[in-house]
């Protein structure tokens, strides 16, 4: 094999390696967040089954718990970019995925506070809780690659 | 309550956030002038998180539930988009590896 062929092989090998560098948000949700999402999804399915029978105080509690989880997830989504997205941090920060995760976290915190203060109705609080549970389900799908 | 129009608000927040005006604008225009100015200032400085927090905090029941539903729909779309991108990436990887293998085999004379 001549020198040019060797150089070409080196370039091709580098190209092959680059193909396996982390790409997209799937990497993030398959990382250390996976365990947490699993836990949330399990909890969510349990709560979803009895959401209609939850008392107002329980709905408030669940909304507060979700807000905490979502804040943790949102913070991790922000921090993880330094681990997985350092090459494209600016692209990631402007991505729909990142923005939607942060929006969900902010909204959950605000809605939990509204429920606690009684500035939203009980039916609305249950509806919001149901939507948050669906979100957990979607995140689990993304993590599991079911979709 | 401020006396601003939706178009004026849209002009102040810029094109990047014009869709926010479409979604939250009617509610925002019921705010005080100071609060609207704070919202605009947040967006102008790139702090869209604080601007969004202001918008969400001001939502009444119907708007809050609609926002929760919108966020769920957005994440469902993200999951779908991510799955499609992942499938495309895997397909590209296989195609590239196949091409590389062909070239390598040719280079070593097999």
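The values are calculated or read from the model by the stated rules, or taken from the named source; none is laboratory data. Please read all numbers here as calculations on a predicted model, not as lab measurements. Because the Cβ atoms are built from the backbone with ideal geometry, glycine has one as well, and the counts that use them run over all protein chains shown.
Remarks
- Flag for residue B:8 being over 26 Å from residue A:125 (Cβ atoms) and modelled with pLDDT of 90 or more: yes
- Near pairs, Cβ below 7 angstrom, 6+ apart or cross-chain, from segment B:1-30 (without any contact (Cβ under 8 Å) to a residue 60 or more places away in the chain) to any residue that is exposed (fewer than 14 other Cβ atoms within 10 Å of the Cβ) and part of a helix (DSSP H, G or I): B:2/B:33
- Look at (1) under 17 Å from residue B:75 (Cβ atoms); (2) under 13 Å from the mean Cα position of the chain (by Cα); (3) at pLDDT below 70 and you find that residue A:81 fails only one, number (1).
- Just one of the listed residues (B:71, B:94, B:65) is part of a helix (DSSP H, G or I) and out of contact with any helix residue (DSSP H, G or I) (no Cβ under 9 Å at 6 or more places or on another chain), and it is B:94.
- Verdict on residue B:83 being within 27 Å of residue A:129 (Cβ to Cβ) and more than 7 Å from chain A (Cβ to nearest Cβ): no
- Condition met for residue B:104 (crowded, with 17+ Cβ neighbours inside 10 Å and facing chain A (nearest Cβ under 7 Å)): no
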